[in-house]
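A.B. asks: There's a structure below that I have some questions on.
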Amino acid sequence: MIIFSHIPKTAGANLKINIENGLAGKFYLDYDYELLTNKLKEELVGVNIIYGHFISDKYNSLDVKKDLVCFLRNPTERVISNYYYWKYYPIPADKIITIIKKIKDGEMGLSHFANTEYSKTFYKTMFGLNKVSDFSFIGITERFDESINIINEKLGTKFTSQRTNTMDRSKDLDEIKSCYQEIEKANEENYHYYNLALKTFWNE
């Protein structure tokens, strides 16, 4: 079974389309950060891939052979993408948490967002109890096409590498440039995960 933790803003939208088209076998989409329940375990019998926004250790207790996969993106670029996605994209009212409301109300700028604990520890949060070495493969968003080819070869999937869900940030370039180095510094812990993934799976 493939456990594919879709870390937000790492180019996973196209993969969801691939999965819904059956390119990884029988699937289960999980966009719930709650803990694994016995009821859910029963629903997963015969499933080939679980995909969605969930902490990567959620299915550690599942008693099947598992291949854990995710994508990581340059942390600075991921934070920038996350911020402007929340700023401009229409979010359902029931999904608007405090940090999103502050961004949409103009009370939190890009620099402030980058320095929140939410942003600074994001990869650590999404990994949960798992380490980079617990993954079968970690793709890199900046090497999306190559990552897809490797995943298909290693796991027998048939994913395509078409990119979707890109945003035009040209109108925000001045704000981005003014605090880019500050965002890089705020992402030191996230870069630890990103660079370790590059070293482990990409020999860098």
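The values are calculated or read from the model by the stated rules, or taken from the named source; none is laboratory data. For clarity, every value in this text was computed on a predicted model and none was experimentally measured. For neighbour counting, all protein chains shown are included, and Cβ atoms are generated from backbone atoms with ideal geometry for every residue, glycine included.
A.B. asks: Checking the conditions here, which among PHE144, PHE137 is touching a residue at least 40 places away in the same chain (Cβ under 8 Å), closer than 30 Å to LEU40 by Cα and in contact with a strand residue (DSSP E or B) (Cβ under 9 Å, 6 or more places away or on another chain)?
C.D. replies: Selected residue: PHE137, the only one of PHE144, PHE137 that is touching a residue at least 40 places away in the same chain (Cβ under 8 Å), closer than 30 Å to LEU40 by Cα and in contact with a strand residue (DSSP E or B) (Cβ under 9 Å, 6 or more places away or on another chain).
A.B. asks: Can you name the helices (runs of 4 or more DSSP H) wholly within the range 139-204 that have at least 3 residues being surrounded by 16 or more Cβ atoms within 10 Å (Cβ to Cβ) and under 18 Å from the mean Cα position of the chain (by Cα)?
C.D. replies: Here the list reads 144-155, 188-202.
A.B. asks: Okay, moving on. Identify all residues within the range 1-18 that are within 20 Å of VAL64 (Cα to Cα) and β-branched (Val, Ile, Thr); write none if there are none.
C.D. replies: ILE2, ILE3
A.B. asks: Is it the case that SER133 is crowded, with 16+ Cβ neighbours inside 10 Å, at pLDDT 95 or above and either within 18 Å of the chain's Cα centre (by Cα) or hydrophobic (A, V, I, L, M, F, W, C) (or both)?
C.D. replies: no
A.B. asks: Could I ask something else about it? When you scan the range 6-16, do you find a residue that is at pLDDT 95 or above and farther than 18 Å from LEU72 by Cα, even just one?
C.D. replies: No: the range 6-16 contains no residue that is at pLDDT 95 or above and farther than 18 Å from LEU72 by Cα.
A.B. asks: Hey, which of the strands (runs of 3 or more DSSP E) in the range 10-129, taking only ones fully inside, have at least 3 residues that are in contact (Cβ under 8 Å) with a residue 40 or more places away in the chain, surrounded by 17 or more Cβ atoms within 10 Å (Cβ to Cβ) and under 16 Å from the mean Cα position of the chain (by Cα)?
C.D. replies: Ranges flagged: 49-52, 67-72.
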